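Data block below; observations after.
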Amino acid sequence: MTELESALAAFLPDQRWFSGKGRRIGEVRIEADVPLRNARPTLHSVVAAVAYEDGGVERYHLPIGHDFGFEARSLLARRPGALILETKPPHEGVYYDATADERLGAVFLDMLSRGATVDQLRFHRAPEWNQTLRGPGKLLDAEQTNSSLVFANKLILKLFRLLQPGENPELEVTRALAASGFGACPAPLGWIEGLGSTLGVLQTYYAGSVEGWRLAVERVADHYESEDPGNFAEEARELGSLTAELHAALATALPKVSRGNPDLGRLSARLMGQLTQVAALVPELAPHQRAIEEVYAQAVRGVGPTVHLQRIHGDYHLGQVLRVGQRWMVIDFEGEPARSLEERRRMTSPLQDVAGMLRSFDYAAHSPLVLGEDPDTPGPSREELDRLGRAARLWIDANRTAFLDAYLATASSGGWLPERPELLLRAYELDKAVYEVMYEARHRPAWLTIPIGGIQRLLGETPATVESPSNPPQ
């Protein structure tokens, strides 16, 4: 490997958007290096292939800047994690993640506005984008699988990191929805393509909006103080209606299958396969495996002879919706980035999205109970934990009911609900919770009680009390 490639092998595992955490990198090879700016600081759009010691290769999009002197030192003082490689004289300077440099973010916006073509990269501008906005791109500091640059609080450029061959669903789906007239998602104003993948999408930025997750968690905190489980119910009801409208629009804008049940065998195999794998790795799930398998079997037997299949959001939860004024907007149509594009484009039941949102209510209600504060500060007592657990269940029930009633009322005339939607919905909720068990066991063990408790409730069992990580049981 070259010096830069070796530096990338050390740099990548520390990035929040890197999907290979926990895997040992064998080597990194730069597949493409497209210069976008030759003046100082320079900007290159790099695609690097990451080969793992246990097999498999992933491709990553890496905008890389190069600079030296006071400006470089000042940048890295503010963003030390952006440093990739520091070189010594006579070619002294630093290579760094260009998304941290607002000056270089402006280069992407300029090229999109001009519809430029540079080597293998093509910058597209949608006819609907009639602004002449120019200026620096500020990196949005959020836990994401991509990197987003915000321009003057009006535009946001989402730069995809983990690349897969073909058009990214974020571009494909939002373009189709915009063409169908669905107005509750940001339409693509521009996009970057090349090297066999979609590299970025430019959209409207909703300054002053509130993420659904943040709003819900705030309402949960208020509920724990005032005992008002319905304090998010109106928003949940509106979200249920909008979710059904989204599914109707997706069915109109993209392919669907309205007859037959070609997906049931595949669905059953996927559900059982994930359950078996996770139960073998996470002992806390094993006692529930047989009961979950029976729910899956009931769902496959009970959904009826016809199942409506279509494109869905694919990664639907409170973090994927924004409260803009008095309405909801749906964002982030990439689907689950860890899945292949083929899997993300696969048609399935819209109830999978519904299940994802219902699980998100569960997480919002219980997250305050597992978020440990200062380890030296005593956590809540067992009695307080029991009270909060009961309060969490009341909040969840109120918002599940509001969301589901509104969704089913709107979807009932759409023709996509199976004969007994509750069976398939319960199976999808359990499947989502099983996935959460694996995730939490690997990344956030203190949160494992949330999906395990959710599984117990879905199975009609009594969940154990959520323990505070900062306070041992008393």
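The values are calculated or read from the model by the stated rules, or taken from the named source; none is laboratory data. Predicted model only: the values in this text are computed from it and were never measured. Every residue, glycine among them, receives a Cβ derived from its backbone with ideal geometry; neighbour counts consider all protein chains shown. For the accessible areas, the whole protein counts, side chains as well, though only heavy atoms, and no ligand, DNA or RNA atoms are used. Shrake-Rupley method; radii C 1.70, N 1.55, O 1.52, S 1.80 Å.
Overview of values
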item: Extreme residue, nearest to ASP397 (Cα to Cα), among residues of segment 197-216 that are within 18 Å of the chain's Cα centre (by Cα) and of a type in the set (A, V, I, L, M); result: ALA216
item: Total residues in segment 217-228, condition under 27 Å from the mean Cα position of the chain (by Cα) and not in a helix (DSSP H, G or I); result: 0
item: Residues located in segment 273-287, provided they are open to solvent by less than 20 Å² (accessible area, probe 1.4 Å) and either among the small types (Gly, Ala, Ser) or not in a loop (DSSP other than H, G, I, E, B) (or both); result: LEU275, VAL278, ALA279
item: Hey, GLY194 open to solvent by less than 30 Å² (accessible area, probe 1.4 Å), under 21 Å from the mean Cα position of the chain (by Cα) and over 30 Å from ARG390 (Cβ atoms) or not; result: no
item: Wholly within segment 128-216, strands (runs of 3 or more DSSP E) carrying at least 1 residues that are under 27 Å from ASP101 (Cβ atoms), out of contact with any helix residue (DSSP H, G or I) (no Cβ under 7 Å at 6 or more places or on another chain) and without any contact (Cβ under 8 Å) to a residue 24 or more places away in the chain; result: 146-151
item: Number of the exception - GLY55 against (1) farther than 18 Å from GLN15 by Cβ; (2) part of a strand (DSSP E or B); (3) open to solvent by less than 50 Å² (accessible area, probe 1.4 Å); result: (2)
item: LEU242 vs. criteria touching a strand residue (DSSP E or B) at 6+ places or on another chain (Cβ under 6 Å) and either part of a helix (DSSP H, G or I) or free of Cβ contacts under 8 Å to residues at least 12 places away in the same chain (or both); result: yes
item: Test: residue in segment 15-23 that is part of a strand (DSSP E or B) and open to solvent by 80 Å² or more (accessible area, probe 1.4 Å); result: no
item: Top-ranked residue of segment 108-145 - restricted to ones that are open to solvent by 80 Å² or more (accessible area, probe 1.4 Å) and under 29 Å from GLY81 (Cβ atoms), ranked as farthest from the chain's Cα centre (by Cα); result: ASP119
item: Single residue of ALA39, ALA72 found to be open to solvent by 10 Å² or more (accessible area, probe 1.4 Å), outside any strand (DSSP E or B) and of a type outside the set (S, T, N, Q); result: ALA39
item: The listed residue being touching a Phe, Trp or Tyr at 6+ places or on another chain (Cβ under 8 Å), closer than 30 Å to LEU388 by Cα and among the aliphatic types (A, V, I, L, M), out of LEU351, LEU369; result: LEU351
item: Of the criteria (1) in a helix (DSSP H, G or I); (2) open to solvent by 70 Å² or more (accessible area, probe 1.4 Å), which one GLY105 fails; result: (2)
item: Residue count for segment 409-429, restricted to those that are part of a helix (DSSP H, G or I) and either open to solvent by 20 Å² or more (accessible area, probe 1.4 Å) or out of contact with any His (no Cβ under 9 Å at 6 or more places or on another chain) (or both); result: 11
item: Per-region count, segment 282-318, residues under 30 Å from ARG175 (Cβ atoms), of a type outside the set (A, V, I, L, M, F, W, C), out of contact with any Ser or Thr (no Cβ under 6 Å at 6 or more places or on another chain) and at pLDDT below 95; result: 5
item: Identity of the residue in segment 430-444, in contact with a Gly (Cβ under 9 Å, 6 or more places away or on another chain) and closer than 16 Å to ALA291 by Cα, that ends up surrounded by the fewest Cβ atoms within 10 Å (Cβ to Cβ); result: LYS432
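Residues checked against (1) of a type in the set (Lys, Arg); (2) at positive phi; (3) touching a Leu at 6+ places or on another chain (Cβ under 7 Å):
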site	(1), (2), (3)
PRO13	no, no, no
ARG16	yes, no, no
GLY20	no, no, no
GLY26	no, no, no
PHE68	no, no, no
SER74	no, no, no
LEU83	no, no, yes
GLU86	no, no, no
